[in-house]
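Some notes on the structure that comes next.
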Amino acid sequence: MDFELSDEQRDIRDTVRAFVTKEILPLEEDFLRLVREGGARLPRDEERRLRAKARAFGFWGLSTPEEYGGMALPAVTQSLINVELAKTCVPFRFGGEADNILYGADAAQQEEYLKPTIEGERLGCFALTEPGAGSDAGAISTYARRDGDDWLINGEKTFISNGDDADYAIVIALTDRDKGARHGATAFLVDREAGWTSSRISTMGSWHQPASLSFDDVRVPAGKVLGEVGGGFELAMRWVGKGRYVISAQCVGIAERCLKMAVDYAGLRETFGRKIGQNQAIQWMIADSETELEAARWLALRAAWDVDRGADARHASAMAKLFCTGMVGRVVDRALQIHGGMGYTKELPLEGWYRAVRAMRIFEGTDEVQRLILSRDLLRGHTRIGGHLA
Ligand SMILES: Cc1cc2nc3c(=O)[nH]c(=O)nc-3n(C[C@H](O)[C@H](O)[C@H](O)COP(=O)(O)OP(=O)(O)OC[C@H]3O[C@@H](n4cnc5c(N)ncnc54)[C@H](O)[C@@H]3O)c2cc1C
């Protein structure tokens, strides 16, 4: 068994680490000031400058196929990069990416949606969840009815990330009520100009900026069907499935940074005439965090490895998401505790992470949904215990 990274993986990781250290971390203080004034993202020109610089290093379109100008990196390498990018609270992505399910779009849709999204000229959102259908996505009731060559969409979507900023939505709607969502739902590409409206939902953390979307007789031509009529649920599950191993890597990055901050602070801060790190109470918090973080790292990378070797990654991704999202909450909490009152201030990124990471146990499958998947796989015999080693 070999737990070493390859030379190439190490090189890429180290280059991204150097980029984050040199280009992004120095912006953190200004970003935190912006947050204190009510902002949630970098100024656009700063974002553009960083993207251009990253692109000059070759970092653009990590998961994007080479034919679209991307790097087409293996999932494990992408995960190593996502760990590094998550070590700062400055929200920055390299750009050049699009939702995985857009690659199945037809030629005209690729010109209109996929390519402009990769280039950062258009912003999409993915709309599955409804007020009456979250974990139970099969209960969606948004309905698209045939009207000549067109479809008329009616319904409500909720908690849609970037829904208030997006200029198009990938909407999963029922097209055959008799068949139900699993075989009777279809994915549509719906421009905002087609008539849907959105309203931002105020949340605990600053990430994702979810919104509710409203569709009232929104007319879309037949050419806006993404994939096959009736194939929408399968596309939706493919979209959700990718998020699970990406989120896991982000959790590892945030936890690594928090633990580093906690260790540094424990070696600096003095109470009762000695460093707080000399107290067993603090040492145990550090030890528990390190152990959980290491376990999470391997679960996250193992899920990505399943993707790379073409195996069914659903079981490994469910374990990774369940454990990593819980782990990061506990590690942020301990790091905040070790920082005492300072941890609770908006001078440091800890309080923002404390609020933001909570959402990771909810979106793209709650903890309970991951447990349902894992137990169902074992109880029905889809997976053997320790199956990948058997
Ligand atoms: C910040 C944020 C961003 C999001 N972005 C998107 C997005 O971009 N697109 C999108 O479509 N959706 C998005 N969502 C929605 C998200 O996927 C749902 O919130 C999630 O699937 C849970 O659904 P729900 O909120 O309706 O909770 P419910 O499904 O109502 O669940 C409520 C509680 O019951 C538990 N539960 C449900 N069923 C069971 C069961 N059988 N056994 C045990 N426990 C159960 C759940 O785990 C949860 O704890 C986002 C949500 C958030 C918070």
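The values are calculated or read from the model by the stated rules, or taken from the named source; none is laboratory data. Since this is a predicted model, take the numbers as computed values, not measurements. Neighbour counts are summed over all protein chains in view; Cβ atoms, including those assigned to glycine, are modelled from backbone coordinates with ideal geometry. Calculation scope for accessible area: heavy atoms of the full protein, side chains included, ligands and nucleic acids excluded. Shrake-Rupley method; radii C 1.70, N 1.55, O 1.52, S 1.80 Å.
If I ask for residues that are more than 16 Å from the ligand (Cβ to nearest atom) and open to solvent by 60 Å² or more (accessible area, probe 1.4 Å), which ones from the range 342-377 would you list? Show your work before the answer.
Looking only at the range 342-377, we keep the residues that are more than 16 Å from the ligand (Cβ to nearest atom), and these are 342-351.
Matches in the range 342-377: 342, 344, 346, 347.
Are any residues in the range 344-389 hydroxyl-bearing (Ser, Thr, Tyr) and under 21 Å from residue 303 (Cβ atoms), and if so, which ones?
366, 375, 383, listed by residue number.
Out of (1) at pLDDT 95 or above; (2) over 16 Å from the mean Cα position of the chain (by Cα); (3) not small (Gly, Ala, Ser), what's the single condition that is false for residue 382?
Failed condition: (1).
If you take the residues in the range 55-87 that are under 15 Å from the mean Cα position of the chain (by Cα) and part of a loop (DSSP other than H, G, I, E, B), which one is farthest from residue 316 (Cα to Cα)? Working first, answer last.
Pass one, the range 55-87, residues under 15 Å from the mean Cα position of the chain (by Cα): 62-63, 75, 78-87.
Next, only the ones that are part of a loop (DSSP other than H, G, I, E, B) stay: 62-63, 86-87.
Numbers: 62: 22, 63: 20, 86: 21, 87: 23 Å.
Among those residues, the one meeting the criterion is 87.
Restricting attention to the range 193-210, and to residues there that are open to solvent by 60 Å² or more (accessible area, probe 1.4 Å), more than 10 Å from the ligand (Cβ to nearest atom) and not small (Gly, Ala, Ser), which single residue is nearest to residue 359 (Cα to Cα)?
Looking at the filtered set, the residue picked out is 200.
If you scan the range 164-195, which residues turn out to be farther than 19 Å from residue 232 by Cα and under 26 Å from the mean Cα position of the chain (by Cα)? Steps first, please.
Let us first name the residues in the range 164-195 that are farther than 19 Å from residue 232 by Cα, namely 164-167, 192-195.
Hits for the range 164-195 are 164, 165, 166, 167, 192.
Yes/no per residue for (1) within 15 Å of the ligand (Cβ to nearest atom); (2) open to solvent by 10 Å² or more (accessible area, probe 1.4 Å); (3) at pLDDT 95 or above; (4) over 30 Å from residue 305 (Cβ atoms):
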| position | (1), (2), (3), (4) |
| --- | --- |
| 69 | no, yes, no, no |
| 84 | no, no, yes, no |
| 106 | no, yes, yes, yes |
| 113 | no, no, yes, yes |
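With within 16 Å of the ligand (Cβ to nearest atom) and either without any contact (Cβ under 8 Å) to a residue 40 or more places away in the chain or not in a loop (DSSP other than H, G, I, E, B) (or both) as the only criterion, which of 254, 282, 286 stands out?
None of the other options fit; the residue is 254.
So which residues in the range 22-34 are over 17 Å from residue 87 (Cα atoms) and open to solvent by less than 90 Å² (accessible area, probe 1.4 Å)?
Hit for the range 22-34 is 34, nothing else.
So residue 182 clears everything in (1) part of a loop (DSSP other than H, G, I, E, B); (2) more than 15 Å from the ligand (Cβ to nearest atom); (3) more than 30 Å from residue 95 (Cα to Cα) except one condition, right? Which one?
With respect to (1) part of a loop (DSSP other than H, G, I, E, B); (2) more than 15 Å from the ligand (Cβ to nearest atom); (3) more than 30 Å from residue 95 (Cα to Cα), residue 182 is out only on (1).
Looking at this structure, is residue 238 in contact with a strand residue (DSSP E or B) (Cβ under 7 Å, 6 or more places away or on another chain), more than 30 Å from residue 337 (Cβ to Cβ) and among the charged types (D, E, K, R)?
Answer is no for this residue.
Could we say that residue 153 is within 16 Å of the ligand (Cβ to nearest atom), over 28 Å from residue 370 (Cβ atoms), of a type in the set (Val, Ile, Thr) and touching a residue at least 40 places away in the same chain (Cβ under 8 Å) here?
For residue 153, the condition - within 16 Å of the ligand (Cβ to nearest atom), over 28 Å from residue 370 (Cβ atoms), of a type in the set (Val, Ile, Thr) and touching a residue at least 40 places away in the same chain (Cβ under 8 Å) - is met.
Check whether at least one residue in the range 31-43 is in contact with a helix residue (DSSP H, G or I) (Cβ under 6 Å, 6 or more places away or on another chain) and of a type in the set (A, V, I, L, M, F, W, C), and report yes or no.
There is no residue in the range 31-43 that is in contact with a helix residue (DSSP H, G or I) (Cβ under 6 Å, 6 or more places away or on another chain) and of a type in the set (A, V, I, L, M, F, W, C).
Among the listed residues 102, 123, identify the single one that is within 16 Å of the ligand (Cβ to nearest atom) and open to solvent by 50 Å² or more (accessible area, probe 1.4 Å). Break it down stepwise before answering.
Working: 102 fails: open to solvent by 50 Å² or more (accessible area, probe 1.4 Å).
Checking each option against the conditions leaves just 123.
With the requirement that a residue be basic (Lys, Arg) and in contact with a Lys or Arg (Cβ under 9 Å, 6 or more places away or on another chain), what does the range 199-244 give you?
Passing the criteria: only 244.
Taking the range 126-144 as the search range and keeping residues that are within 17 Å of residue 368 (Cβ to Cβ), more than 6 Å from the ligand (Cβ to nearest atom) and crowded, with 16+ Cβ neighbours inside 10 Å, which one is nearest to the chain's Cα centre (by Cα)?
Only one residue fits best here, namely 137.
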